[in-house]
Amino acid sequence: MTKNNLLEEIKSGNEKVFARLYHEHRDAFLSYARTLCQLEQDALLEIYQDTMVAFYENVVSGRIRSFESSVRTYLLSIGKYKIYEQARAEKKMVRLDDTYLHIADEEQGNETVTDELTVGYKKAFAQLGNRCQRILELFYLQGKSIRQIMQEENYENENTVKAQKSRCLKQLRELVKK
């Protein structure tokens, strides 16, 4: 069955095709998800189900009309972001461009650092200037958009904010390497 036929079958409500698709990609998804995080099997299955629901809704709503990649690649992409969203919601990860950092868990007010990389990033972050710390905090920790940062911090335009954020990340990475 071609990818376009698959989409049409799902859109028309063919539950057998969707069920086959669900089972066909489940194990590959779970294997991939285990490389991204250390969540329990039940949590990974829930994320997979959420991923399949998102896929189904995208097909039925017409947001997906054709694929440039494989169905599996599309599902893994949706799932990856769902995993990161859950980890961010639980305050276990912070995204810095394509790098996701595990941040410390809080236990009775004492911070327990479990990852050496996190320690390095925290030390490097403390060495950054106030302006860089502010931009990175606004973007990565508070989830503000480039436009919101531009307005809140009185930058001239969005490109200036993007360039500043890029320079700050580069500086942070260089400090971590030291």
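The values are calculated or read from the model by the stated rules, or taken from the named source; none is laboratory data. If you're wondering where the values come from, they're calculated on a predicted model, not measured in any experiment. Using ideal geometry, Cβ is built from the backbone for each residue, glycine included, and neighbour counts are taken over all protein chains shown. To get the accessible areas, we keep the full protein, side chains included, count just its heavy atoms, and leave off ligands, DNA and RNA. Shrake-Rupley method; radii C 1.70, N 1.55, O 1.52, S 1.80 Å.
Can you tell me how many residues in region 29-54 are in contact with a helix residue (DSSP H, G or I) (Cβ under 6 Å, 6 or more places away or on another chain) and either farther than 14 Å from TYR84 by Cα or assigned to a helix (DSSP H, G or I) (or both)? Total meeting the criteria: 12. Taking the criterion of being of a type in the set (A, V, I, L, M, F, W, C), open to solvent by less than 20 Å² (accessible area, probe 1.4 Å) and out of contact with any Cys (no Cβ under 9 Å at 6 or more places or on another chain), the residues of region 11-46 that qualify are VAL17, LEU21, PHE29, LEU30, ALA33, CYS37. The residues in region 56-68 that are more than 24 Å from GLU15 (Cβ to Cβ) and either at pLDDT 80 or above or surrounded by 17 or more Cβ atoms within 10 Å (Cβ to Cβ) (or both) can be counted, and the count is 0.
Got at least one residue in region 25-34 being touching a Leu at 6+ places or on another chain (Cβ under 7 Å), at pLDDT 85 or above and among the basic types (Lys, Arg)? No, the conditions are met nowhere in region 25-34.
Among all positions in region 119-126, there is at least one residue which is open to solvent by 50 Å² or more (accessible area, probe 1.4 Å), farther than 26 Å from GLU85 by Cβ and at pLDDT below 90. Among the residues of region 1-38, the one identified as among the polar types (S, T, N, Q) and touching a residue at least 40 places away in the same chain (Cβ under 8 Å) is ASN4. When ARG72 is tested against the conditions (1) farther than 30 Å from GLU9 by Cβ; (2) in a helix (DSSP H, G or I); (3) modelled with pLDDT of 85 or more, the lone failure is (1).
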